[in-house]
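Undergrad: Here's a structure for you.
Readers should treat all values here as calculations from the given coordinates under stated rules, not as data from a laboratory. In this text the structure is predicted, and so the values were computed from the model without any measurement. Positions of Cβ are generated from backbone atoms using ideal geometry, with glycine treated the same way; all protein chains shown enter the neighbour counts.
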Amino acid sequence: MKVKMSPSEFKNLKGIEYFKFEEDFIEENVRCIPMIVRFKMDAAGIKLKLAEWSKFHPSERIKLALLPVSNQEETDLYHQFLIGLIAKYTGNQATTMAIDPLPDWSNLHRIPNMLTEKSAEMAIQISIQQWCSLTNIQRFALIKLCRSGHENKNFPKAVAEFGLLSS
């Protein structure tokens, strides 16, 4: 039996991009990490496990969604805040990852192959104009949702939500 969860703390939070399809991001009765936080974690070079995320206080999760990462100083502060939370709640060191200096979502001249392939599976063609019209977080989300090994049930929902079904 599937437990109906209340809406996430991000649903009506001002100052962030939060998508309707993210309300379905639930694993083991825990809300998954929203795309805005995943985006910022990638920028800060930290990998966060769902078990770690679930231990954070809602106000700390909201802060992770709201903190800016628009320059190196802000990104460094975000990195420090996040590793501090992980240490506080788990006693473990944060898992770091390499920061991609040119992530696929930032390339406005070419749609990543994995996204083109995933879209073709659904008989959807995303034009470069549509790709360019998306926000950074929308492009990031599409790439995350079409990766192999990811449960892709939210990919069609994201494509529809982002207005990519009509040419």
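Undergrad: Compute the Cα gyration tensor for the range 20-96, then decide on rounded, prolate or oblate, letting a ≥ b ≥ c be the square roots of its eigenvalues: rounded whenever a/c is under 1.5, prolate when a/b is larger than b/c in the other cases, and oblate in all that remain.
TA: Numbers: a/c = 1.90, a/b = 1.24, b/c = 1.53.
Taking the square roots of the gyration eigenvalues as a ≥ b ≥ c, the range 20-96 is oblate.
Undergrad: Using +1 at the Cβ of each Lys and Arg and -1 at the Cβ of each Asp and Glu in the chain, identify which of ASN12, ASN136, ILE33 lies farthest towards the dipole's positive end.
TA: Toward the positive end, the furthest listed residue is ASN12.
Undergrad: Return VAL159, VAL37, VAL69 ranked ascending by Cβ neighbour count within 10 Å, so the fewest neighbours appear first.
TA: In increasing order of surrounding Cβ atoms, one gets VAL69, VAL159, VAL37.
Undergrad: While we're on this one: Under the classification rounded if a/c is under 1.5, otherwise prolate if a/b is larger than b/c and oblate if not, where does the range 52-100 fall, given a ≥ b ≥ c as square roots of the Cα gyration tensor eigenvalues?
TA: Taking the square roots of the gyration eigenvalues as a ≥ b ≥ c, the range 52-100 is oblate.
Undergrad: Residue separation times 0.36 nm, minus the C-alpha to C-alpha distance between LEU67 and GLN93: what's the value?
TA: Difference between extended and current length: 7.3 nm.
Undergrad: List the pairs from LYS47/LYS153; LYS63/LYS118; LYS55/LYS153 whose alpha-carbon separation is above 31 Å, in the order I gave them.
TA: In this structure, LYS63/LYS118 lie more than 31 Å apart at Cα.
Undergrad: Can you check what the Kirkwood hydrodynamic radius comes to for the range 104-161, Cα pairs only, in Å to one decimal?
TA: Values: mean 1/r = 0.0885 Å⁻¹.
Radius from the Kirkwood sum: 11.3 Å.
Undergrad: Would you kindly calculate the mean projected area, averaged across all directions, of the convex hull enclosing the Cα atoms of the range 71-130, in square nanometres? Don't skip to the end; give the middle numbers.
TA: Numbers: hull surface 26.0 nm².
The directionally averaged projection comes out at 6.5 nm².
Undergrad: Could you give each residue of the range 51-58 its phi-based ³J(HN,Hα) in whole Hz, using Karplus coefficients 6.51, -1.76, 1.60 with θ = phi - 60°, and x for Gly or Pro?
TA: My calculation for the range 51-58 gives 4, 6, 3, 5, 7, 5, 5, x Hz in order.
Undergrad: May I ask for the distance between the Cα centers of the range 70-85 and the range 42-59, given as a whole number of Å?
TA: 13 Å
Undergrad: Okay, moving on. Where is the GNM fluctuation largest for the chain (alpha-carbon springs, 10 angstrom cutoff): GLY45, GLY84, GLY15?
TA: Of GLY45, GLY84, GLY15, the Gaussian network model singles out GLY15 as fluctuating most.
Undergrad: Here's another thing I want to ask about it. At 0.890 mPa s and 25 °C, plugging the Kirkwood radius over alpha-carbon pairs of the chain into Stokes-Einstein gives what diffusion coefficient in µm²/s?
TA: 145 µm²/s
Undergrad: Neighbouring Cβ atoms within 10 Å as the yardstick, rank HIS79, HIS109 fewest first.
TA: Fewest-to-most ranking of HIS79, HIS109: HIS109, HIS79.
Undergrad: Add +1 for every Lys or Arg and -1 for every Asp or Glu among the other residues with Cβ under 13 Å from the Cβ of GLU161, and state the total. Provide the component values of the computation, followed by the final result.
TA: Details: positive: LYS20, LYS157; negative: GLU17, GLU22, GLU23, ASP24.
Combined, the nearby Lys, Arg, Asp and Glu give -2.
Undergrad: Taking Cα pairs under 8 Å and at least six residues apart, what relative contact order does the chain come out at, in percent?
TA: 21 percent
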